[in-house]
Structures are given as C-alpha cells and as structure tokens.
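**Student:** Take this structure first; my questions come after.
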Amino acid sequence: MKTDGGGEHKINEKLYKNRVPLHTCKKMDQKEYPGKRLLDLILAMLSSILLSPLLIFLAVLVRIKLGSPVIFRQKRPGLLGKPFTLYKFRTMTDERDEQGNLLPDEQRLTRLGRFLRSTSLDELPELWNVLKGDMSLVGPRPLLMEYLDRYSPEQARRHEVKPGITGWAQVNGRNALSWEEKFKLDVWYVDNQSFWLDVRILFLTICHLIKREGINQPGHVTMEKFMGSNNTRQRDA
C-alpha cells in the first residue's frame, strides 16, 4: 500500500466519514477532559529531554545494524481518521525475494528489531507526534489507513479521540487480544477517559513493559492484519 499518495488518503477519509455520523464527531469534541493536552505536552517534553541520550544511542545503533533510514515513517489515521505521519524506530530490513516483493515479517524482523519491539523502545519517536498534536500519550493505537473502511460504526468510534502511544487495550492484553476485543476496549476508553484513568494506564504500561506481556499475537511475530469483523463483512457483502 502506498502511504504517500494524497488521493488514497482522501478516499479513506471519505469512507470513514460515511461510517461515522457527524453528530458523533461533534460529541467527541466535547469529551476530551480539560488538561489532557497540557498533560501530554508536559510529560512528552520531559520524557524527550530525559530520554534524549537513549534516543541518540538507539538511533546510532539502528543506523549501524539496519542502515538508513533510521526512522520508519508511515501514514496512519488520527483524530476522525485524518492522516498523519507516524514516527518509529526501524525494526525490519527491506529484504525482498527474486520478484521484488518484501519477504514475510518474520524473515525481515532482526534480532535488534525484536528487542526494540519487546521493550517498546521502537515507539519512542512517537513522542514527537505527541508534541506536534497528532497523538496523545494515551489513546487507541493508530493502525493502518486501509482499516478505515473495514470498521463497523461502533469500532470506528475509536477515532473519536487522538490515537495514543499506549492505551486501555495495551494494558489489558495488547497483541494477545483479538481485534474485536481490542476495539471494544478502545471504545470503552473513548467513553470513560479521564485524568486518573490516563495516569493508571501510564503506570500499568510501565509494569507491562517490565514484564514484557502481550508483545506478540500467539503464533505470529507481528499482529495479523485486520480484515473486518464478520458482521462488517456481511453488511458490506
């Protein structure tokens, strides 16, 4: 999937708008609790400063082990499905087969990449996304643009808030959950977000990172792609 084509993003945004009622979007604008953006800015700035030596070290390490580019960039859907550029440390090579197709993830994911993912250190560049206002520290994870037209109306509500570096689904199973379970937790967060819930999620995130729980989907190196829930596929058939 091309991520730099403006036409594709417009199509996806149109598909998203067709699934999410306008009145729902307006309601979302009133839901973000007061001070959430300030909390994001303060914690993201402090984290960026305190972790700057680690960020520089990891950037050099990725450059030596994986080459250039050091930062993986990809268009992801943000608030209301609006595309933004997500930044992460690169974890895979660009190895291809004889036909020029990328090899499967498990063959391209390096030893360093596994470590970065297992510790979520590959997510650290997303602090820049938080500072820019594309993301929040806490919220549903930003997934792929191609998923926008596969959500049910209820699942699409996860885009009523900014995506987050961590979220309610991440501290309740992460990649060990099914897509449907993740989306239910995402929507629950949308309806119940608060300052203290965000503090709790941030604390639990640290605990889960130490334990390295729910890193991979059982039997897979990375999470399988979301192809749509059964009820969504039946509705669109």
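The values are calculated or read from the model by the stated rules, or taken from the named source; none is laboratory data. Values in this document were obtained by computation on a predicted structure and should not be read as measured data. For neighbour counting, all protein chains shown are included, and Cβ atoms are generated from backbone atoms with ideal geometry for every residue, glycine included. Areas reflect the complete protein model, heavy atoms only, side chains present, ligands, DNA and RNA absent. Shrake-Rupley method; radii C 1.70, N 1.55, O 1.52, S 1.80 Å.
**Student:** If a/c stays under 1.5 just call it rounded; otherwise compare a/b with b/c (prolate if a/b is bigger, oblate if not). Do that for segment 100-155, with a ≥ b ≥ c from the square roots of the Cα gyration tensor eigenvalues.
**Tutor:** Oblate, because a/c is 1.5 or more while a/b does not exceed b/c.
**Student:** Which net charge results when you count Lys and Arg as +1 and Asp and Glu as -1 among the other residues whose beta-carbon is under 15 Å from that of Leu51?
**Tutor:** On the way: positive: Lys88; negative: Asp122, Glu123, Glu126.
Spelling it out: positives minus negatives among the neighbours equals -2.
**Student:** Additional query: ³J(HN,Hα) across segment 49-56 via Karplus (A = 6.51, B = -1.76, C = 1.60, θ = phi - 60°), whole Hz, x for Gly/Pro?
**Tutor:** Values per residue, Gly and Pro as x: 6, 5, 9, 4, x, 5, 4, 5 Hz.
**Student:** Which is farthest toward the positive dipole end of segment 41-121 among Leu112, Leu55, Asn101, measuring Cα position about the Cα centre, with Cβ charges +1 (Lys, Arg) and -1 (Asp, Glu)?
**Tutor:** Value computed over the given set: Leu55.
**Student:** Describe numerically, in nm with one decimal, the distance between label points set 7 Å from Cα along Cα→Cβ at Arg37 and at Ser118.
**Tutor:** My value for the distance between the label points is 4.0 nm.
**Student:** Treating only the Cβ atoms of Lys and Arg (+1) and Asp and Glu (-1) as charged, compute the dipole magnitude of segment 89-130 about its Cα centre; round to the nearest 20 debye.
**Tutor:** Roughly 180 debye, rounded to the nearest 20.
**Student:** Starting from 0.36 nm per residue, how many nanometres of slack lie between Met227 and Ser178 once their C-alpha separation is accounted for?
**Tutor:** The span from Met227 to Ser178 would gain 16.4 nm if fully extended.
**Student:** Let me ask something else. Output the relative contact order of segment 116-203, whole-number percent, from Cα pairs under 8 angstrom with separation of 6+ residues.
**Tutor:** 31
**Student:** Express the carbon and sulfur contribution to the solvent-accessible surface of segment 60-212 as a percent, rounded to the nearest whole number, probe 1.4 angstrom.
**Tutor:** Numbers: 3950 of 7100 Å².
The nonpolar share, carbon plus sulfur, comes to 56 percent.
**Student:** Could I ask something else about it? Rounded, prolate or oblate, given the Cα gyration tensor of segment 32-91, with a/c below 1.5 counting as rounded?
**Tutor:** Oblate is the answer for segment 32-91, as a/c is 1.5 or above yet b/c matches or exceeds a/b.
**Student:** Would you mind checking Lys162/Lys182; Lys82/Lys132; Lys88/Lys211; Lys36/Lys211; Lys36/Lys162 for any pair whose Cα atoms are more than 18 angstrom apart? Show your work: numbers first, answer last.
**Tutor:** Details: Lys162/Lys182 16 Å; Lys82/Lys132 14 Å; Lys88/Lys211 22 Å; Lys36/Lys211 28 Å; Lys36/Lys162 11 Å.
Those over the limit are Lys88/Lys211; Lys36/Lys211.
**Student:** Quote the relative contact order of segment 50-187 in percent (integer), defining contacts as alpha-carbon pairs under 8 Å separated by 6+ residues.
**Tutor:** So the answer I get is 22 percent.
**Student:** Report the FRET efficiency, 1/(1 + (r/R0)^6), for Ile210 and Leu144, where r is their Cβ-Cβ distance and R0 is 41 Å, rounded to 0.05.
**Tutor:** The value I calculate is 0.90.
**Student:** Estimate the FRET efficiency between Asp94 and Phe57 by the formula 1/(1 + (r/R0)^6), using the beta-carbon distance for r and 25 Å for R0, to the nearest 0.05.
**Tutor:** Approximately 0.60, to the nearest 0.05.
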